[in-house]
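Novice: Pasting in a structure now, in structure tokens, and then I'll have a few things to ask.
The values are calculated or read from the model by the stated rules, or taken from the named source; none is laboratory data. A quick note: this is a predicted structure, and the numbers were derived from the prediction, not measured. Here the Cβ positions follow ideal geometry from the backbone for every residue, glycine too, while neighbour counts run over all protein chains shown.
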Amino acid sequence: MDDQPRKTWLPLAALAVALVVWAGFFAAGAYLEVGADVPRHDIRKPLIIMACMTAFLAAWGLALWLRAHRGPKKPS
């Protein structure tokens, strides 16, 4: 069995998961407003944070996919 594709994508998948976890911490902090005197739990704040992370990861994934599926380089 060829492990090369898995070895190539595994670090990228781990990085993507780490970024989602990081955004989750930011989203939880935005929702809970720990430092506020009177916290207002607004669900829109964490949704905006997670939507931005989703858009970033989608653009990054599309760029990687396009790079992987473009034709072979022409020798110069």
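Novice: What are the residue pairs meeting all of these: first residue in the stretch 52-76, first residue within 18 Å of residue 10 (Cα to Cα), second residue modelled with pLDDT of 90 or more and surrounded by fewer than 10 Cβ atoms within 10 Å (Cβ to Cβ), Cβ atoms under 9 Å, and 6 or more apart or on different chains?
Specialist: none
Novice: Shifting gears a bit: Restricting to the stretch 25-51, and then to whatever is in a helix (DSSP H, G or I) and of a type in the set (Gly, Ala, Ser), can you tell me which residue is nearest to residue 9 (Cα to Cα)?
Specialist: Initial filter on the stretch 25-51 (in a helix (DSSP H, G or I)): 25-32, 44-51.
In the following step, the residues that additionally are of a type in the set (Gly, Ala, Ser) were identified as 27-30, 51.
Numbers: 27: 27, 28: 28, 29: 30, 30: 31, 51: 23 Å.
The extreme case among them is 51.
Novice: Filter the stretch 6-53 down to the residues that are under 23 Å from residue 68 (Cα atoms) and of a type in the set (Lys, Arg), then identify the one that is modelled with the lowest pLDDT.
Specialist: Top of the filtered list is 6.
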